[in-house]
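Following: one structure in structure tokens, then a few remarks.
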Amino acid sequence: MKSIYFAGGCFWGVQHFFSLVQGVSKAVCGYANGNTGRPSYEQVYTDTTGFAETVKVTYRPEQISLEELCSLFFSIIDPLSVNRQGHDEGTRYRTGIFWADEADAPVVRKACAQLSEKLGQPLAVEQEPLRNFYEAEERHQDYLDKNPEGYCHLSLKTFRYLKIWQHIRLFLADEPDTIARMANCSAILAQMMPQFLWTGFYRVAGQQLVLGPFAGPEACMRIGYGKGVCGSAWKQGRTIIVPDVEQFPGHIACSSRSRSEIVVPVRKADGSISGVLDIDSESLDAFDSTDALWLEKIAALMEIC
Ligand code: SME
């Protein structure tokens, strides 16, 4: 067993998130790297103690690596935001990764450097040894289990997507065939997100996208390069969110019930696009940056790299 300490804004959601991660045996809310002895929540709340709301994550390294934990942590924070996550503001909500084992320092620093390079900006995430950590009061432990309606900067959708992503990853682990992977990925997404109208893949075949495995009503079978939302995501090489399909020039209406849509490129190991993941909803404005982030992680599971 090993432990790493993540400060990611309000600890209620961060604790709940890591408690759902496979390979994590325990996630505990606390206060880290402050300037006093054991503080109370109220003292930390004054923002004068130097403590950051932090979650101690204890994990089995044979099941999940520190790199993977850092990558999951980055998916739930704004790593550029200084002393602010969601609506919560103050030094107690700063982000940081604190290690108790000096051997973890290069791993954390490398993960942060890679993210910084990808974003093209320095991160606001502190990378420091753990100086102190005090467990938070009992009422702050498992807060979102005790208070399902409790405010948190992480949405319920984030927790749901984490479960889906883990389920798909585990389920597909030993299957090398891309079509079989896409077929079960569509089925799992459709089952776990029943609000989706259509969930499926189109695959690149020459200058067209050809319908692949999907769940939902029948759909058009071929889409040209640059055509519709799918062909545009392929051409532009990026995720496209369409809040209202009627406002998207050239949208291809496979179903008149579809009101909004998200399309995410699927890439091969060399970065070239081999297809797209397309999801439609009967509601307007059904997709946001949380969907984009997690569906990109899911799409990354499709091609064996
Ligand atoms: N609306 C898509 C076509 C595919 S269906 O939504 C399943 C598009 O405009 O590319």
- Query: What number, in percent, do you get for the relative contact order of the chain if the mean sequence gap of Cα pairs under 8 Å and at least 6 apart is divided by its residue count?
  - Reply: 15
- What order do you get for Cys152, Cys230, Cys220, Cys112 when you list them from fewest to most C-beta neighbours inside 10 Å? Cys220, Cys112, Cys152, Cys230
- Query: Tell me, how many Å apart are the Cα centres for region 204-248 and for region 1-77?
  - Reply: 40
- Hydrodynamic radius by Kirkwood for region 240-305, inverse mean 1/r across distinct Cα pairs, in Å, is 12.5
- Task: Counting only C-alpha contacts under 8 Å and six or more residues apart, can you give the relative contact order of region 177-305 as a whole percent?
- Result: 24
- Task: Considering the convex hull of the alpha carbon atoms of region 9-166, report its projected area averaged over all viewing directions, in nm², one decimal.
- Result: 9.0
- GNM, the chain, Cα, under 10 Å: largest mean-square fluctuation among Arg259, Arg131, Arg203? Arg131
- Message: Below 29 Å, Cα to Cα, which lysines can Lys26 reach? Residues fewer than 8 away in the same chain don't count.
- Response: Lys2, Lys56, Lys110, Lys146, Lys157, Lys163, Lys297
- Three semi-axes of the equivalent ellipsoid, the chain, Cα gyration tensor, whole Å, largest first: 39, 20, 17
- If Asp142, Asp101, Asp174 are placed from fewest to most neighbouring beta carbons inside 10 Å, the sequence is Asp174, Asp101, Asp142
- Which of the GluC sites (Glu not before Pro) across region 106-178 are loop residues per DSSP, with 16 or fewer other Cβ within 10 Å? Glu137, Glu149
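Readers should treat all values here as calculations from the given coordinates under stated rules, not as data from a laboratory. Bear in mind the structure is a predicted one, so any value in this text is a computation, not a measurement. We place every Cβ from the backbone using ideal geometry, glycine too, and count neighbours over all the protein chains shown.
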